[in-house]
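Visitor: Shown below is the structure under consideration.
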Amino acid sequence: MKKCLIFGNNNDYILNFYKKIFPFCVSRFAPYIGFMIITIVMARYNREELAIFSYFTAMFALPITILSMPLAMIGNLVTSGQRDGKSGGAIFLSGMPLAIILSISGFFISWGIGKFFLDLYDKESYLVYICCVPFLIFNNYLFFFIESFISSGFIAKVKLFLSLLSSLLISLISFYLNDMKAVYVFWSFLFIEVSFFFFYGGVLLYKKIGFKLKDLNYKRTTSQLINFGSPIAIGLAGQKLVYFLLTQRLMGINPLYVSDLSVIMSVIGLISIPVGAFSQIHSLFVSERKLPEQYGFFKIGLFLILLICLFIMLLLSFFMKEVMMLYGNGALLNNTSVYISIFLLFITSSYMQLGMSHLRAINDTLIPQGVANIVLIILFLPIIWMPSFSSMNVPSFIIVQAACLFIICLFLFLRVKSKTLSQGGCHNGSFGGRSIGGES
């Protein structure tokens, strides 16, 4: 069978980065931009409905994220399986039962949250949105498989087209009705997610992937997805808990600080998209390499992350005013401490992403995620609750968080090196080299 996409086929790490970074960024920018357009439209036509929209999306983000993360590991499993001569299609099919179970579970968990824990003042919006949840989870599984195994460029075009279509649809509805309700947005979400599902299914059928049914191993693939993906899901849940407690601390000092924190975190989230794209490219590339080569590519990744961060911060220095005004917060302008805090948190979180991605590629997720949560919960939270921080501003809190992330980064880098040394593979790795199987 002809392999559809092998990250290791590009025997130059830099060339692989150059070819993949644009489609990977587009597929991640498109939903972000679409969501931002929807928020702007709702803020313009009906701010009360924007509150409902934000309430539901924030409330159900946690179960969706936790249930999706094990499925997101399919990209790494497929690429590492190809390295070992396994069928990517068979690995995908072997993980399908888990994807279906988690997707259906997402619906019932979301239903239970709304039924027993929430005071629903817009039941129609809630009922429509929970119907989106299974598609959001299952489409995540399809997306990461297609991006890693078939075509990152094609999937980027699909993401861009449907995200913009969703934004256009909502904008037209609001313009025609001169109003916008949350339920209209959720109906459009459901339409788009169903469209994604059929698009992804069409891609799988069109590409005629050799699934090799004789290679199916449901137990092994399910175990791998859960074992490697669950720690990441728990880690993300821990980070959300830390963020919630940080907002609680700031709320007790000055409620306006929570707004400032939200803006700063939104800016960091926006500029971190290219870093997230690169980290995923690196992770998939490393998954297909033998261990002696992996550490050399990690060192190159450290250098490229620095270049990406410096380039983005240079752009941000020119357009900081426009970015802040986009979020409607001019109070943070002309504040040196804000710039410093954004830069420090951005660069430390970027290096943390790279370290986590590299360890994920070698199936090491439990201890790294556990240590990250321990540092944030045991070190960061007690520090910001000290009485001396009651007179601090938001950038001071962010700088402390960046310092904690720096500690996490040091641990991750040492763990990467120790993993390599334990296998005797720290001597190789360069900008080039033959790919697995001798393919070019």
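The values are calculated or read from the model by the stated rules, or taken from the named source; none is laboratory data. If you're wondering where the values come from, they're calculated on a predicted model, not measured in any experiment. Cβ sites come from the backbone with ideal geometry, for glycine too, and all protein chains shown count toward neighbours.
Visitor: If the requirement is being under 30 Å from GLY89 (Cβ atoms) and either in contact with a Cys (Cβ under 8 Å, 6 or more places away or on another chain) or in the same structural domain as ILE384 (by TED's automatic domain parsing) (or both), which of these qualifies: SER266, SER279?
Guide: Numbers: SER266 fails: under 30 Å from GLY89 (Cβ atoms).
So the residue among SER266, SER279 that is under 30 Å from GLY89 (Cβ atoms) and either in contact with a Cys (Cβ under 8 Å, 6 or more places away or on another chain) or in the same structural domain as ILE384 (by TED's automatic domain parsing) (or both) is SER279.
Visitor: Residue check, THR221 against (1) under 23 Å from VAL41 (Cα atoms); (2) crowded, with 21+ Cβ neighbours inside 10 Å; (3) not aliphatic (A, V, I, L, M), all met but one. Which one?
Guide: THR221 satisfies every listed condition except (1).
Visitor: Considering ILE100, ILE137, which residue is under 24 Å from the mean Cα position of the chain (by Cα), in the same structural domain as LYS207 (by TED's automatic domain parsing), more than 26 Å from THR39 (Cβ to Cβ) and at pLDDT 85 or above?
Guide: Numbers: ILE137 fails: more than 26 Å from THR39 (Cβ to Cβ).
That would be ILE100, the only listed residue that is under 24 Å from the mean Cα position of the chain (by Cα), in the same structural domain as LYS207 (by TED's automatic domain parsing), more than 26 Å from THR39 (Cβ to Cβ) and at pLDDT 85 or above.
Visitor: Name the residue, out of ALA43, ALA51, ALA90, that is part of a helix (DSSP H, G or I), at pLDDT below 90 and under 30 Å from LEU291 (Cβ atoms). Break it down into steps so the answer makes sense when it comes.
Guide: Details: ALA43 fails: under 30 Å from LEU291 (Cβ atoms); ALA51 fails: under 30 Å from LEU291 (Cβ atoms).
Answer to the selection: ALA90.
Visitor: Checking ASP179 against (1) surrounded by fewer than 15 Cβ atoms within 10 Å (Cβ to Cβ); (2) in a helix (DSSP H, G or I), only one condition comes out false. Which one?
Guide: So ASP179 meets the others, but not (2).
Visitor: Also, quick follow-up: Any idea how many residues of the range 383-419 are part of a helix (DSSP H, G or I) and closer than 19 Å to LEU345 by Cβ? Working first, answer last.
Guide: Taking the range 383-419 as the starting set, the residues that turn out to be part of a helix (DSSP H, G or I) are 383-384, 387-391, 394-419.
Cutting the leftovers down to closer than 19 Å to LEU345 by Cβ gives us 383-384, 389, 394-413.
Residues that pass the stated criteria total 23.
Visitor: Further question: Being modelled with pLDDT under 85 and touching a Gly at 6+ places or on another chain (Cβ under 9 Å) narrows it down to one of LEU67, LEU71, LEU120, so name that one.
Guide: Numbers: LEU67 fails: modelled with pLDDT under 85; LEU71 fails: modelled with pLDDT under 85.
It is LEU120.
Visitor: Based on what the data block shows, is GLY229 within 18 Å of the chain's Cα centre (by Cα) and either surrounded by 21 or more Cβ atoms within 10 Å (Cβ to Cβ) or farther than 24 Å from PRO31 by Cβ (or both)?
Guide: When the stated conditions are applied, GLY229 passes them.
Visitor: Limited to the range 181-214, what total is found for residues that are basic (Lys, Arg) and at pLDDT 80 or above?
Guide: Kept after step one, since they are basic (Lys, Arg), are these residues of the range 181-214: 181, 207-208, 212, 214.
Then drop every residue that is not at pLDDT 80 or above, which leaves 181.
Total meeting the criteria: 1.
Visitor: On to the next question. Which residue pairs have Cβ atoms closer than 6 Å, lie 6 or more positions apart in sequence or on different chains, and pair a first residue in the range 186-206 that is closer than 22 Å to LEU93 by Cβ with a second residue that is in a helix (DSSP H, G or I) and of a type in the set (Val, Ile, Thr)?
Guide: Once the first residue is closer than 22 Å to LEU93 by Cβ and sits in the range 186-206, its partners that are in a helix (DSSP H, G or I) and of a type in the set (Val, Ile, Thr) give PHE199/VAL158; VAL203/ILE146.
Visitor: Does any residue of the range 410-420 turn out to be crowded, with 17+ Cβ neighbours inside 10 Å, modelled with pLDDT of 90 or more and not hydrophobic (A, V, I, L, M, F, W, C)?
Guide: Within the range 410-420, one or more residues are crowded, with 17+ Cβ neighbours inside 10 Å, modelled with pLDDT of 90 or more and not hydrophobic (A, V, I, L, M, F, W, C).
Visitor: Now for a separate question. Which members of the range 134-178 meet the condition of being charged (D, E, K, R) and touching a Ser or Thr at 6+ places or on another chain (Cβ under 6 Å)? Before the answer, list the steps.
Guide: If we filter the range 134-178 for residues that are charged (D, E, K, R), which is where we start, we get 147, 157, 159.
Scanning the range 134-178 gives a single hit, LYS159.
Visitor: Among the residues of the range 140-169, which ones are within 17 Å of GLY202 (Cα to Cα), modelled with pLDDT under 90 and among the polar types (S, T, N, Q)?
Guide: Result: SER148, SER151, SER152.
Visitor: Can you say whether SER174 is farther than 27 Å from MET69 by Cβ, assigned to a helix (DSSP H, G or I) and in contact (Cβ under 8 Å) with a residue 60 or more places away in the chain, as far as the supplied structure shows?
Guide: Numbers: farther than 27 Å from MET69 by Cβ: yes; assigned to a helix (DSSP H, G or I): yes; in contact (Cβ under 8 Å) with a residue 60 or more places away in the chain: yes.
So SER174 fits the description; yes.
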